[in-house]
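Scroll down for the structure; my scribbles are underneath it.
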Amino acid sequence: MPSALELRSKRLIALAYVVGPAAGLTAWCGSRYFFASSYRADYFRPGAEGLWIVTVLVGTAICLVVELLIVTPLLIAFNRYRWSWLNGRSAAVVGFLLGALVGGLNSTWSYGWAHLLGEAATGGMVGAIAAIIFRIVAVGTAPTKSA
């Protein structure tokens, strides 16, 4: 059964490539600020807007590379084959797994398993938020065809 979803305009898809990661990275910055432990209490603090801007700009550029390599082929295949399994939930799961992989690889082993899992979880959060925002902006419901 073909999907009831369809891609929106190229302009909205391009916007989704940027807005999704920016929203996910903003949530990541917020998690670093609100849940900073004592050894990293100075990482994000009031007045750290400049650090947030740099994080979002650099992080969005990095995410864009990942999106171009992984998301673009999925979108092309989705548009061609109308996969019903590729929807908001599956996109969030794929986004979480990709983000967790990148977050885990980015982590250093020197802090141990708890640190690795924490970094993977926050990376997964970024990926899931980015995927959900991408789905909201770039994918809409196809109009129903009346008989």
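All of the numbers you see were taken from the coordinates with simple rules; none came from a lab. Since the model is a prediction, treat every value here as computed from it, not as a measurement. Heads up, the Cβs are rebuilt from the backbone with ideal geometry, glycines too, and the neighbour counts pull from every protein chain shown.
Which of Phe34, Phe96, Phe134 has the fewest other C-beta atoms within 10 Å, and how do the rest follow up to the most?
If I rank by nearby Cβ atoms, fewest first, I get Phe34, Phe96, Phe134.
With everything on Cα atoms, drop me the angle between helix 88-106 and the longest principal axis of the chain, reported from 0 to 90° to the nearest 10.
In the chain, helix 88-106 runs at an angle near 30 degrees to the longest axis.
Which residues' amide hydrogens lie under 5 Å from the amide hydrogen of Leu5, considering only partners 5 or more residues apart or on another chain, with H built in the peptide plane?
Answer set, sorted by chain and number: Ala142.
Taking 0.36 nm per intervening residue step and subtracting the Cα-Cα distance, what contour gain separates Leu101 from Val66 on full extension?
11.4 nm
Please arrange Leu86, Leu69 by how many other C-beta atoms lie within 10 Å of their C-beta, fewest to most.
If I rank by nearby Cβ atoms, fewest first, I get Leu69, Leu86.
Could you state the number of Å between the C-alpha centres of region 124-143 and region 79-95?
Computed from Cα coordinates, the inter-centre distance equals 10 Å.
Helix 113-138 versus the longest principal axis of the chain: what angle, 0 to 90°, nearest 10, using Cα atoms?
It is inclined by approximately 30 degrees.
Specify which residue in the list Pro21, Ala91, Phe34 is farthest towards the positive end of the charge dipole of the chain, using unit charges on the beta carbon of Lys, Arg (+1) and Asp, Glu (-1), about the Cα centre.
The residue sitting most towards the positive pole is Ala91.
Once phi is turned into θ = phi - 60°, what whole-Hz ³J(HN,Hα) does the Karplus curve with 6.51, -1.76 and 1.60 give for every residue of region 16-21, x standing for Gly and Pro?
For region 16-21, the Karplus-derived couplings read 4, 4, 9, 5, x, x Hz, x marking Gly and Pro.
Arrange the following residues from fewest to most other Cβ atoms within 10 Å of their Cβ: Thr144, Thr26.
Lowest to highest Cβ neighbour count: Thr144, Thr26.
Assign unit charges at the C-beta atoms only (+1 for Lys and Arg, -1 for Asp and Glu), then state the dipole size of the chain relative to its Cα centre in Debye, rounded to the nearest 20.
520
Where the Cα atoms of the chain are projected onto their three principal axes, how long is each span, largest first, in whole Å?
The Cα atoms of the chain stretch 64, 31, 23 Å along the principal axes, largest first.
Sequence gap at least 6, Cα distance under 8 Å: using those rules, report the relative contact order of region 5-139 to the nearest whole percent.
41
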